[in-house]
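Chemist: Just dropping this structure here.
The values are calculated or read from the model by the stated rules, or taken from the named source; none is laboratory data. Keep in mind that this is a model prediction, so the values were computed, not measured. Positions of Cβ are generated from backbone atoms using ideal geometry, with glycine treated the same way; all protein chains shown enter the neighbour counts. Heavy atoms of the whole protein, side chains included, go into the accessibility calculation; ligands, DNA and RNA do not. Shrake-Rupley method; radii C 1.70, N 1.55, O 1.52, S 1.80 Å.
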Amino acid sequence: MKKAGCKTNTSIIFPLEIFLLVCLCVSLTYGENQQTSKEDVKSEKVTTEIPQAQEEDLKSEQVINTNIDNTVNTQEKQAKEEVEEKPLSPEELKAEEYYKQGEALINETFQKDYHQAHQFFKMAADLNHTKALEHIAFAYLFGDYMPQNIEKAKELFVDLSNRGSPRGQLGMGFLSSAGIAVNSSQAKGLIFYTFASLGGDPLAQMTLGYRYWSGIGVETKCESALTYYKKAASTVADAVTFSSGPAIQRIRLHEEAENQNSGQSALMDDDLLQYYHFLADKGDVQAQVVLGQLYYQGGRGVPVDHERALHYFMMAAESGNANALAYLGKMYTEGSAAVEQNNQTAMMYFKNAADKGNAVGQTGLGMMYMYGKGVAKDFNKAYKYFQLAADQGWVDGQLQLGIMYFSGKGVRRDYKMAVKYFNLAAQGGHVLAYFNLAQMHATGTGVLRNCHTAVEFFKNVAERGRWAAMLQEAHTLYKEGNVHQALMKYTFLADLGYEVAQSNVAYILDNGEVGLFVEDEIYQRALLHWGRAASQGSTIARLKMGDYHYYGYGTKVDYESAASQYRLASEQQHNAQAMFNLGYMHEQGLGLKQDLHLAKRFYDMAAETSIDAKVPVMLALFKLGVFYGADVFNKEIEEMNNFFQKLDPRYLFGPDWDMYLITFFALSIGLIILLRRIR
């Protein structure tokens, strides 16, 4: 970030000393972002064009920054030692106890109690506990388990930022960037996010990765984006379990609205769920397995419930269903509130499922041999079972084969084979496959080094973290009519770089469902989020960009820009509506050269692309034919008029044609009389 970005007034948030440090450090764009670890990424020189006259100043500034950093680090260490030595007061001990009780409730693997947890956080926050205040601040911001109060959230974020809390800095970065409760300032937002990232906050790292990737408020830098996204993705990858965690549902509000009449929905209909329960209770094995998987991983609006999952898996296992046996093995491998972790029991279920040729059971058995759980390590047997599962297209088997080829365990190390199996697993959506491919593209291991591909993979992984559950929470709030709370969560996720959140924010604003902003600001904010979503490949966002420029929503009417957006949607995403719009603009000559033949071509393309476009295209072509026929008829009439004009004596003889005609007739009569007299 340029030094100019440091001129914004941040004295309210930071002490003067820290503010000066910001101005010095931020101008270097954080050299650590240009470095990559020796273990994961090949070292690479990152050069920056600097005028020669400024080189000496920059070197001096780097030395100053280094000295300041060393001083600050020394002071921080001393402060930490003092804190460690200083015993906690009775009030602080009580606050810590409340906080730990709240943390215990939300860190339960399967049975979380957020309401009770926030009551403990509130009691700890009242005693000035910093970590508890972080929870309460975000609870006020989103209206989670507490009444939504953005002003109160801002006050807490300011206080936390002054304490050096990364979560407080994250909150202030969001408010500054989005212009909520404070004046919008991308420079301030960048400073807050940078400090939160240096404090280890993965959400701030995601935000900075997205900003450097998309060039929002900063110059586009792939290497910087790679550094930040890798940190956030590593946090996600470390938390992945054998069950891969709960399913993440990404619902686009505009698609849901379009599919309402067709009966299609991304969520499980209550009547359908009850029907499955009825079938399962009647002994339908397939229904039992479906319900077991649904409650095991969650998704489609159904929460995780391992007790119910165990119940239905047990029912199906009694009938010898291989899938049920395999999933029981998974449950006993990890343990939960429903079952106690037991490798021997897990081994038994996996073995029974694998003997039936089940890919899930074969992968589970391979994992037991791979990591020596309940049995001695045996890489050869692990490879055998992974290969059997991979041959059936099971993603976990493909992933583990890739890991074996990458690490050389049980097989000869082969990076090309590792890439092959990681790609297969990635096609099935496995988060660790994306992470491993990102690592390989970032370091050039087994493939040519490609920063852009690595960032895309790391971004995919980072967006599958536990915070992605906020997407479902925001959707639930929206469906319940809590639009303001839903909008706040979607806006926060949009700042992290979630395309679906950006589209949903723009959709809510576009529909005028909130009264937080004046009309012009609503369209400007909607246009901003449509633009960000469009840059990430959203078809509807690209189409909306064209509409906003065509009608002048949030910007000036610009037919050429509208045509450019429609052309992108047509050529890159084959959108029928964009093709139809281009046909109309060619027909009318709006932003494009008027050309009826090109208009007909785009209309025909729209009809070929989507069956829904056939009727509108038919009407448009009928209108085009009528006007085209009228135009041809007018041209024919014009040609006939031109012909008759050429026969006009005034055209042939001039304005005195009548005198010439009288003279001609007089001479003719005189000649006739003369001839008759001669006879």
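Chemist: Taking the stretch 578-595 only, how many residues are part of a helix (DSSP H, G or I), open to solvent by 10 Å² or more (accessible area, probe 1.4 Å) and either among the small types (Gly, Ala, Ser) or out of contact with any helix residue (DSSP H, G or I) (no Cβ under 6 Å at 6 or more places or on another chain) (or both)?
Modeler: So the answer is 2.
Chemist: Restricting to the stretch 471-497, and then to whatever is within 23 Å of ARG211 (Cα to Cα) and touching a residue at least 40 places away in the same chain (Cβ under 8 Å), can you tell me which residue is farthest from the chain's Cα centre (by Cα)?
Modeler: Only one residue tops the list, namely MET488.
Chemist: Next question, about the same structure. In the stretch 523-563, how many residues are of a type in the set (Ser, Thr, Tyr), farther than 19 Å from ASP495 by Cα, open to solvent by 30 Å² or more (accessible area, probe 1.4 Å) and assigned to a helix (DSSP H, G or I)?
Modeler: So the count comes out to 5.
Chemist: Shifting gears a bit: For the stretch 505-522, which residues satisfy the criterion of being under 16 Å from ALA541 (Cα atoms) and part of a loop (DSSP other than H, G, I, E, B)?
Modeler: ASN511
Chemist: Quick one: THR453 ticks every box in (1) under 19 Å from GLN148 (Cα atoms); (2) without any contact (Cβ under 8 Å) to a residue 24 or more places away in the chain; (3) in contact with a helix residue (DSSP H, G or I) (Cβ under 6 Å, 6 or more places away or on another chain) bar one, so which box is it?
Modeler: Just one mismatch for THR453, condition (1).
Chemist: Of the residues SER184, SER161, which single one is among the hydroxyl-bearing types (Ser, Thr, Tyr) and either under 26 Å from PHE458 (Cβ atoms) or open to solvent by 20 Å² or more (accessible area, probe 1.4 Å) (or both)?
Modeler: One residue alone meets the criteria, SER184.
Chemist: Further question on the same structure: Hey, could you check the stretch 249-278 for residues that are open to solvent by less than 70 Å² (accessible area, probe 1.4 Å) and at pLDDT below 70 and say which is farthest from THR453 (Cα to Cα)?
Modeler: Checking each candidate, the answer is GLY263.
Chemist: Is it true that some residue in the stretch 211-225 is under 19 Å from the mean Cα position of the chain (by Cα), in a helix (DSSP H, G or I) and within 25 Å of LYS154 (Cα to Cα)?
Modeler: yes
Chemist: Restricting attention to the stretch 442-467, report how many residues are open to solvent by 30 Å² or more (accessible area, probe 1.4 Å), assigned to a helix (DSSP H, G or I) and over 26 Å from ARG167 (Cα atoms).
Modeler: The number of residues fulfilling the criteria is 2.
Chemist: Out of curiosity, is GLY366 at pLDDT 90 or above, under 30 Å from ALA468 (Cβ atoms) and in a helix (DSSP H, G or I)?
Modeler: yes
Chemist: Next question, about the same structure. For the stretch 338-356, enumerate the residues that are in a loop (DSSP other than H, G, I, E, B) and not charged (D, E, K, R).
Modeler: Those that are in a loop (DSSP other than H, G, I, E, B) and not charged (D, E, K, R): ALA338, VAL339, GLN341, ASN342.
Chemist: Output the number of residues of the stretch 378-418 satisfying the condition of being open to solvent by 20 Å² or more (accessible area, probe 1.4 Å) and at negative phi. Talk me through it step by step, then tell me what you get.
Modeler: As a first pass, look at the stretch 378-418 and keep what is open to solvent by 20 Å² or more (accessible area, probe 1.4 Å): 378-381, 383-385, 387-388, 391-395, 403, 405-417.
Subset that is at negative phi: 378-381, 383-385, 387-388, 391-392, 394-395, 403, 405-407, 409, 411-417.
Number of matching residues: 25.
Chemist: Among the residues of the stretch 112-122, are any free of Cβ contacts under 8 Å to residues at least 40 places away in the same chain, outside any helix (DSSP H, G or I) and of a type outside the set (D, E, K, R)?
Modeler: Applying the first criterion (free of Cβ contacts under 8 Å to residues at least 40 places away in the same chain) to the stretch 112-122 yields 112-122.
Then drop every residue that is not outside any helix (DSSP H, G or I), which leaves 112-113.
Add one more test, that the residue is of a type outside the set (D, E, K, R), and what stays is none.
Looking for residues that are free of Cβ contacts under 8 Å to residues at least 40 places away in the same chain, outside any helix (DSSP H, G or I) and of a type outside the set (D, E, K, R), one finds none in the stretch 112-122, hence no.
Chemist: Every residue in the stretch 350-367 that is open to solvent by less than 30 Å² (accessible area, probe 1.4 Å) and either aromatic (Phe, Trp, Tyr) or touching a Ser or Thr at 6+ places or on another chain (Cβ under 8 Å) (or both), please.
Modeler: Residues satisfying the conditions are PHE350, GLY364.
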